[in-house]
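Colleague: Provided herewith is a single structure, encoded as structure tokens, for subsequent inquiry.
The values are calculated or read from the model by the stated rules, or taken from the named source; none is laboratory data. The shown structure was predicted, so the numbers you read here are calculated from the model rather than taken from an experiment. In this analysis, Cβ positions are derived from the backbone assuming ideal geometry, glycine residues included, and neighbour counts consider all displayed protein chains. Each accessible area value is taken on the protein alone, full model and side chains, heavy atoms only, with ligands, DNA and RNA left out. Shrake-Rupley method; radii C 1.70, N 1.55, O 1.52, S 1.80 Å.
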Amino acid sequence: MIVRQRSAPQFSSRLRLIALAALLCGCESNPSVAPPLESSRGPDLRVPLPIDEGAAASAEESSTGDSDSNPDPGTAGRASATRRAATNASFALLDESRAALEAGDRTAAIGHIERALRLSPREATLWVELGRLQLPDDPGAAQRFARKAIALSDQNTPAYVAAWLLLADAKEQEGDPAAATSIRDRFSRVNG
């Protein structure tokens, strides 16, 4: 009697299919975000919005590095349009956040920024704004958000300077006035 064994290629392709299905089922796309806080105080160090859509799109392309990595011009155009739409939506949410904060609804302001960050997680301006909103009650979180913004922004841009000044405010609130003064001295020359 002859026993027929499965051939290696047939078994291997089934195994790959099962592994792929398991990988796809295990993905999670809901990042955790810090909970909103209740009070607001501190200096107003808002970062200005980009002047036009092209500036926001080119900043997003340069920060992701995707503009030259895809040789297919059709795909690159669609990816650029998607990034531009996400950036525009993020800055619209930033405007809504600022309006909510002016109306006294800090919880809604934080919610708008968190939504914007889900759309554009590499946008330093949004991390600075979230840090400012967290500063009064959680200077440690404000420091983390400031450091994230510093890592994402180019040197001597408004977002970079605002992130360092936010870090100074957080250091001062945590009881390190010497570090705060040092940072402010360094960036007051850059800021004006």
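Colleague: Name the single residue that is most open to solvent (accessible area, probe 1.4 Å) among those in the range 126-148 being among the small types (Gly, Ala, Ser) and free of Cβ contacts under 8 Å to residues at least 60 places away in the same chain.
Modeller: Filtering first and then ranking leaves GLY140.
Colleague: Working only within the range 158-192, note down all residues that are in a loop (DSSP other than H, G, I, E, B) and free of Cβ contacts under 8 Å to residues at least 24 places away in the same chain.
Modeller: Within the range 158-192, GLY175, ASP176, GLY192 qualify.
Colleague: Filtering the range 114-131 down to residues that are charged (D, E, K, R) and touching a Pro at 6+ places or on another chain (Cβ under 9 Å), which residue is nearest to SER188 (Cα to Cα)?
Modeller: Checking each candidate, the answer is GLU114.
Colleague: Out of the residues in the range 113-136 that are part of a loop (DSSP other than H, G, I, E, B) and under 20 Å from ALA179 (Cα atoms), state the one that is farthest from the chain's Cα centre (by Cα).
Modeller: PRO136
Colleague: Oh, and also: Within the range 105-125, count every residue that is within 20 Å of ARG84 (Cα to Cα) and open to solvent by 60 Å² or more (accessible area, probe 1.4 Å).
Modeller: 5
Colleague: Could you go through the range 97-104 and let me know if any residue there is part of a loop (DSSP other than H, G, I, E, B) and either of a type outside the set (Val, Ile, Thr) or more than 26 Å from ALA81 (Cβ to Cβ) (or both).
Modeller: Yes, some residue in the range 97-104 is part of a loop (DSSP other than H, G, I, E, B) and either of a type outside the set (Val, Ile, Thr) or more than 26 Å from ALA81 (Cβ to Cβ) (or both).
Colleague: Here are some conditions: (1) open to solvent by 30 Å² or more (accessible area, probe 1.4 Å); (2) over 16 Å from the mean Cα position of the chain (by Cα); (3) at pLDDT 95 or above; (4) among the small types (Gly, Ala, Ser). ALA151 meets all but one. Which one does it not meet?
Modeller: All conditions pass for ALA151, except number (2).
Colleague: Which is modelled with pLDDT under 95 and either closer than 19 Å to ALA163 by Cα or touching an Asp or Glu at 6+ places or on another chain (Cβ under 7 Å) (or both), of ARG78, ARG132, ARG84?
Modeller: Selected residue: ARG84, the only one of ARG78, ARG132, ARG84 that is modelled with pLDDT under 95 and either closer than 19 Å to ALA163 by Cα or touching an Asp or Glu at 6+ places or on another chain (Cβ under 7 Å) (or both).
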